[in-house]
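Each remark here refers to the structure printed beneath this line.
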Amino acid sequence: MSAPVADPAIGSGAGGVTLGLRANWPQFALLVLINAFVGGMVGIERTVVPLIGSEEFHLASTTLIVSFIVSFGVVKACANLVSGQLADIWGRRRVLVLGWLFGLPVPFMIMWAPRWGWVIAANALLGINQGFAWSMTVIMKVDLVGPKSRGLAVGLNEFAGYLAVGLTAFLTGYLAAEYGLRPVPIYLGVAYAVLGTTLSILLVRDTRDHVRLEIGNSPRAAAAIGFWEIFVLTSFRDRNLFAASQAGLVNNLNDGMSWGIFPLFFAGFGLGVERIGILKAMYPATWGILQVATGPLSDRWGRKGLIVGGMWVQAGGLLLTALTTTFMSWLAGSLLLGIGTAMVYPSLIAAVSDASHPTWRARSLSVYRFWRDLGYAIGALSAGIIADRFGFSWAITSIAALTFLSGAIVALSMREGATSSS
């Protein structure tokens, strides 16, 4: 990593472009707000959509119910994979706006869906929205702050996104208890989509000049490198990037499982939709809030310890949820899951940024996010199959064991502080 230079002005370029959080705080704050709207789009689904499948469409198969998460995860992973390449060619802002344009129809399709296939199709569009829009808010914040404060930048980005997921999950649960599963709880998604699109079109500025400035300040020379070489490097060849990619996949694998399985698991014990909403809100809200602290801590303490510890805390939270039957123990399990994910999430993105040269960082992050968000599909599908065959507790316990194993792989593979030599 290049040597840190004091914020606010890490360096200045043509046109007054400056790296650093304080120098770029208006755009940074705008991107934080926009990512809250991006997260809210996912939050509208966390509580009510699995219940719409079971109660309104009377789907008996857990695997069929979680199919909407499979479509979301596969499409989002593929959108992530191309988002970095498109950002380097078209610019970050254009990809952000494109992501919002794909997101605009989503709440309307869910509200008016006459068949479950509409919900699956809506989630394919939501996957494009998240893959483009969330990716760009992360990349643009990392561009703005420079190398000194990547963990802080990612922490604030993910704080906004996942706090919005948690609050929206709670609000949709409350509204569903008062007004039914559709359409009232989904009105929140309409507001998020309209506001996010409008702000992105009117106020966001591109950050490619900040990247050029960082490249000029970087002591690391960059050889020409193609996309597929970056794909292989990020996926397998570089030990830090491999460790981060597999941990990201497993992290979202257990998130995809909890998204689809937890509402059905809790409802099976007679829990009402409002209390399910509280449990579903606790996990992402804790995850979101604590990233304000864990992101900067990863800058100070290093990435590896937070990633390993966070994966193991997540495994403990999942195991507690699977093996108990009371609301308070499930609340504690959701809290642990949120704490562990908060330790892991910004640290992983910062670790990938550390190990990637500025000239191909956006593409490396897109490959990491491809593997990470493919975990949604793998987690939902595998958990659905296990649940249909052996029950919900077995599905949750199996994912807990895999999460613990993933943390062990990071402990053995990752080298603290490694940077790319390319």
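The values are calculated or read from the model by the stated rules, or taken from the named source; none is laboratory data. None of the values given here were measured: they were computed from a predicted structure. As a convention, Cβ positions derive from the backbone with ideal geometry for all residues, glycine included, and neighbour counts pool all protein chains shown. Just the protein is used for accessible areas: all its heavy atoms, side chains included, with ligands, DNA and RNA removed. Shrake-Rupley method; radii C 1.70, N 1.55, O 1.52, S 1.80 Å.
A few comments on the model shown:
- Of Ser61, Ser334, Ser393, the one that fluctuates the most in a GNM where the chain has Cα springs shorter than 10 Å: Ser61
- The equivalent ellipsoid of the chain has semi-axes of 34, 23, 18 Å, largest first, where each one is the square root of 5 times an eigenvalue of the Cα gyration tensor.
- Candidate cross-link partners of Lys141 among the lysines, defined by an alpha-carbon separation under 24 Å and a same-chain spacing of 8 or more, comprise Lys76, Lys304.
- Measuring r between the beta carbons of Phe390 and Ala191 and using R0 = 45 Å, the FRET efficiency lands at 0.65.
- Taking the 1.4 Å solvent-accessible surface of the chain as the whole, the part contributed by carbon and sulfur is 69%.
- Amide H to amide H, with H built 1.01 Å from N, Met414 comes under 5 Å of no residue 5 or more places away or on another chain.
- Simple rule: put +1 on each Lys or Arg Cβ and -1 on each Asp or Glu Cβ in region 85-235, find the dipole, and look at Gly180, Leu152, Pro105; the Cα lying farthest toward the positive end is Leu152.
- Computed over the chain, relative contact order equals 26 percent, with contacts defined as Cα pairs under 8 Å that lie 6+ residues apart.
- Nearest-10 value in Å² for the accessible area of Trp118, using the 1.4 Å probe: 100
- Think of the chain as a dipole: +1 on every Lys or Arg Cβ, -1 on every Asp or Glu Cβ, centred on the Cα centre; then among Tyr192, Leu213, Gln130, Leu213 lies furthest on the positive end.
- Most to least accessible of Asp299, Asp209 (protein chains only, probe 1.4 Å): Asp209, Asp299
- What the pair-distance distribution of region 258-322 shows, using all Cα-Cα distances binned every 5 Å from zero, is 4, 14, 20, 23, 15, 11, 8, 4, 2, 0 percent.
- Amide proton proximity set for Leu59, modelled H, under 5 Å, gap of 5+: Ser54
- GNM flexibility winner over the chain from Leu412, Leu188, Leu156 (Cα, springs under 10 Å): Leu412
- Projected over every direction and averaged, the convex hull enclosing the alpha-carbon atoms of region 78-131 yields 3.4 nm².
- Along region 274-290 the Karplus relation, 6.51 cos²θ - 1.76 cosθ + 1.60 evaluated at θ = phi - 60°, assigns HN-Hα couplings of 5, 6, 4, x, 5, 5, 5, 7, 4, 5, x, 5, 4, 3, x, 5, 5 Hz to successive residues, with x for each Gly and Pro.
- Probing with 1.4 Å while keeping every protein chain in the model, the per residue accessible area of region 241-363 equals 26 Å².
- A 1.4 Å probe run over the protein chains yields, for region 17-167, 28 Å² of accessible area per residue, whole-number rounding.
- In straight-distance terms, cross-link reach from Lys148 covers every one of the aspartates and glutamates whose alpha-carbon lies under 12 Å from its own, apart from those fewer than eight places away in the same chain; here that gives Asp7, Glu214, Asp299, Asp354.
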